[in-house]
Amino acid sequence: MTTQRAEQHAFAAEVDQVLSIVVNSLYSHREVFLRELISNASDALDKLSFEALTDASLLGDDKQLRIEIEVDEEKKTLTIRDNGVGMSHDELVQNLGTIARSGSRQLMNALAAKGGKDENLSLIGQFGVGFYSAFLVADRVVVTSRRVGSDEAWRWESEAKDGFTIEPTTRDARGTEIVLHLKDDADDFMRSWEVRNLIRKYSDYVRHPIRMKTETEEDGEKKTDWETVNQASALWTRPRSEVTDEQYAEFYKHLGHDWNDPLAWTHFKVEGTQEMTGLLFVPSQAPMDLFEKTSRGVKLFVKRVFIMEDCEELLPEWLRFMRGVVDSEDLPLNVSRELLQQDRATRAIRKQVIKKSLSLLQELADEGVTKTQEEGEDGEKKEVERNRYETFWKAFGRVLKEGIHFDPEHKDEIAALLRFESTREEGLTSLHDYLGRMQPDQPGIYYVTGDGLSACRNSPHLEALKARGYEVLYMADPIDEWVLQRLEEFEEKKLISAAKGALDLPESEEEKKAHEEQEKQLEGLVGSVKEALGDKVKDVRLSHRLKDSPACLVSEEWDMSPHLERILRANGQQVPDQKRTLELNPNHPVVQALDKMATDGSPDLGSWSSMLYDQALLAEGTMPKDPAAFARQVADLMQKAAR
Ligand code: ADP
């Protein structure tokens with residue numbers, strides 16, 4: 001007999017860190033390890049049943065897909081076994097030695113920055129630790145696996161601390177067996193009834209039978225039998241009235257590899273030409289990799305057979321936060337990615353998924369603030385106000401907004417779901433509620449874009465609008481610029497930029513007269529400033545939008561906003577220099593002083609004009625072309641004032 005030495009491997013750096021965090025912060029939640037391992041086993045069975053669709057011989061004589069759980073009080077072990085796809089040597093090393101999931105790096109950084117146990121828990125929940133949760137209850141884990149279609153089997157073993165070993169072994173059946181050598185304080189998990197309860201609690205919805213060994217005595221003879229512990233029917237095929245909220249929540253956790261409860265869900269059946277059942281969830285927290293567009297999305301089943309996960313054909317990118325399953329009666333069982341892309345049934349399913357998701361979100365939005373009884377940290381019940389839609393919006397609003405840009409067909413429905421902060425300063429508002437508060441003479445929906453809320457809040461462009469009692473929406477997110485390119489109006493009211501065009505505010509006869517007089521009076525000044533600034537600006541004119549600031553820069557209606565210009569430049573794109581119009585506030589003392597300089601022919605007019613221009617740039621967050629020159633001019637001015 002040849003003995004091959006076991007290969008010794010170190011864990012990838014992230015695994016080491018994840019392991020120590022898992023063990024340190026999840027102690028009081030450690031029973032979830034069972035759910036994680038059963039979910040993995042169930043996924044392995046799904047993968048096999050999918051592969052067997054095109055090659056039935058893979059199943060051989062072992063056709064009954066199942067998960068087996070065995071406890072051994074003498075050996076102090078708990079075993080989880082499946083006859084799914086199994087893992088090859090390389091898959092064992094790759095899957096159980098590294099963390100392939102994108103976002104692990106961010107998780108580590110986030111954990112390093114925080115530190116409280118509760119925060120860790122929720123962060124880890126977002127990320128999911130899967131297999132490694134085995135070390136919550138075991139000090140030694142032995143995985144034996146045989147890939148379907150191969151006759152090689154491998155034994156992987158680890159005590160967490162010093163990496164893992166891997167060596168060849170033998171195994172009669174395909175699939176994976178995980179033996180947990182339980183820690184001394186984890187003997188709960190050696191007791192059959194305890195494990196049985198956990199399976200019912202966390203894994204009842206798993207579609208494959210989960211079996212446990214039972215021992216009975218008949219006529220003095222010991223008999224062992226396998227008993228199915230879970231309901232083992234696809235949860236979505238059960239009538240809604242028979243599924244409890246807890247079951248939906250547990251199903252979601254299994255499906256989405258999330259540890260948090262879902263925020264909301266919709267369970268539906270569509271009949272007619274395209275028959276399907278769907279169960280869609282909105283998570284309550286964004287996963288780490290939300291913006292990397294690599295989410296798990298929606299799983300596709302055909303007549304209860306798992307076909308594929310992360311099925312992008314069924315879910316547009318702007319809904320990539322949704323989780324769930326869709327079970328079609330019409331797609332062929334041997335459907336491939338290529339076929340999905342062409343199939344009419346796919347389009348019909350996608351339409352339903354979008355429709356149901358949007359109406360679920362609209363329902364959440366309509367729900368507003370609700371009061372619930374929640375248990376505080378001290379165990380006391382207290383009334384808490386919750387706004388589920390705001391929770392959703394903060395986690396996923398930015399993704400949903402992408403839909404306005406990329407999916408014109410659903411633009412109006414998505415627009416109704418948008419939320420913005422505004423000059424009202426009372427939290428988020430919808431566009432619909434904004435319309436309800438509009439002044440009778442107000443021509444449209446005003447907004448201002450900028451880098452962050454405070455830039456919006458302090459924008460000089462808002463001054464006159466605020467003075468008239470017009471509410472202005474703050475569009476502080478870079479993606480808002482893309483939203484605005486497509487969203488020209490809402491419920492027949494135009495969206496108007498506070499920073500673009502001439503801002504034709506309605507004015508009374510008196511105001512009109514006063515303005516005309518000012519125009520005449522300051523004609524000379526406007527001309528001189530224009531001459532002084534030369535081709536830096538498109539034009540110079542008097543402003544009707546300013547109250548407290550001396551000047552601001554204004555784009556033409558169809559120009560790119562300076563905010564968008566900055567975003568594009570920051571992304572390395574070539575943006576042509578766009579000239580804008582400098583507006584002067586005729587009522588501001590600086591402008592009036594400037595007028596005097598113009599009349600007196602003062603030599604300082606040139607540098608004052610350019611300072612006014614540069615400070616208008618700064619006020620909107622753009623760096624002046626020559627910051628050093630600007631700083632020098634300010635210093636000069638201060639020096640003169642100090643004399
Ligand atoms: P994940 O969240 O991706 O499931 P895990 O750490 O739980 O992360 O598992 C890592 C990978 O190991 C899985 O994606 C899967 O490919 C593989 N794996 C885990 N358990 C099994 C199993 N019982 N059978 C086959 N493959 C498995």
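The values are calculated or read from the model by the stated rules, or taken from the named source; none is laboratory data. Bear in mind that the values here come from a model prediction, so they are computed numbers and not experimental data. Using ideal geometry, Cβ is built from the backbone for each residue, glycine included, and neighbour counts are taken over all protein chains shown. Surface areas here come from the heavy atoms of the whole protein model, side chains and all, with no ligands, DNA or RNA. Shrake-Rupley method; radii C 1.70, N 1.55, O 1.52, S 1.80 Å.
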Inset, instruction - Give the residues of the stretch 150-182 that are open to solvent by 50 Å² or more (accessible area, probe 1.4 Å) and under 39 Å from the mean Cα position of the chain (by Cα), sorted by residue number. - result: Arg155, Glu159, Lys161, Asp162
Inset, instruction - Check Ser28 against each of (1) near the ligand (Cβ under 9 Å from one of its atoms); (2) free of Cβ contacts under 8 Å to residues at least 60 places away in the same chain and name the one condition it does not meet. - result: (1)
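Condition check ((1) assigned by TED's automatic domain parsing to the domain that holds Leu428; (2) within 28 Å of Glu413 (Cα to Cα); (3) modelled with pLDDT under 90) across all residues:
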site	(1), (2), (3)
Pro443	yes, yes, no
Pro460	yes, no, no
Gly469	yes, no, no
Tyr474	yes, yes, no
Pro478	yes, yes, yes
Val483	yes, yes, no
Pro506	no, no, yes
Inset, instruction - Scan the stretch 168-206 for residues that are in a strand (DSSP E or B) and either closer than 15 Å to Val71 by Cβ or not small (Gly, Ala, Ser) (or both) and jot them down. - result: Pro168, Thr169, Thr176, Glu177, Ile178, Val179, Leu180, His181, Leu182
Inset, instruction - Filter the stretch 31-51 down to the residues that are farther than 18 Å from Asp187 by Cα and more than 11 Å from the ligand (Cβ to nearest atom), then identify the one that is least open to solvent (accessible area, probe 1.4 Å). - result: Ser49
Legend entry - Matching entry among Ser549, Ser528, Ser555 (being in the same structural domain as Leu617 (by TED's automatic domain parsing), open to solvent by less than 10 Å² (accessible area, probe 1.4 Å) and among the hydroxyl-bearing types (Ser, Thr, Tyr)): Ser555
Legend entry - Residue among Thr429, Thr449 that is open to solvent by less than 10 Å² (accessible area, probe 1.4 Å) and either modelled with pLDDT under 90 or of a type in the set (S, T, N, Q) (or both): Thr429
Legend entry - strands (runs of 3 or more DSSP E) enclosed by the stretch 64-148 - at least 3 residues per element that are at pLDDT below 90, open to solvent by 40 Å² or more (accessible area, probe 1.4 Å) and within 11 Å of the ligand (Cβ to nearest atom): none
Inset, instruction - Please verify whether the stretch 578-597 includes one or more residues that are farther than 22 Å from Gly527 by Cβ, within 39 Å of the chain's Cα centre (by Cα) and not basic (Lys, Arg). - result: yes
Inset, instruction - Test Lys538 against the stated conditions and say whether it is assigned to a helix (DSSP H, G or I), at pLDDT 90 or above and not acidic (Asp, Glu). - result: no
Inset, instruction - Within the stretch 493-504, work out how many residues are at pLDDT 90 or above and either outside any loop (DSSP other than H, G, I, E, B) or surrounded by fewer than 11 Cβ atoms within 10 Å (Cβ to Cβ) (or both). - result: 5
Inset, instruction - Kindly establish whether Val590 is out of contact with any strand residue (DSSP E or B) (no Cβ under 9 Å at 6 or more places or on another chain), over 30 Å from Glu488 (Cβ atoms) and open to solvent by 30 Å² or more (accessible area, probe 1.4 Å). - result: no
Inset, instruction - Enumerate the pairs (first residue in the stretch 568-579 and free of Cβ contacts under 8 Å to residues at least 24 places away in the same chain; second residue anywhere and open to solvent by 100 Å² or more (accessible area, probe 1.4 Å) and of a type in the set (Lys, Arg)) with beta-carbon separation below 7 Å, excluding pairs fewer than 6 apart on the same chain, so at least 6 apart or on different chains. - result: Val575/Arg569
Legend entry - The listed residue being modelled with pLDDT of 85 or more, basic (Lys, Arg) and closer than 24 Å to Gly397 by Cα, out of Arg320, Arg347, Arg296: Arg320
Inset, instruction - Run down Ala12, Ala56 and say which single residue is at pLDDT below 90, more than 10 Å from the ligand (Cβ to nearest atom) and open to solvent by less than 50 Å² (accessible area, probe 1.4 Å). - result: Ala12
Inset, instruction - Name every residue in the stretch 332-379 that is without any contact (Cβ under 8 Å) to a residue 12 or more places away in the chain and either in contact with a Lys or Arg (Cβ under 6 Å, 6 or more places away or on another chain) or open to solvent by less than 20 Å² (accessible area, probe 1.4 Å) (or both), in order of residue number. - result: Gln373, Glu375, Gly376
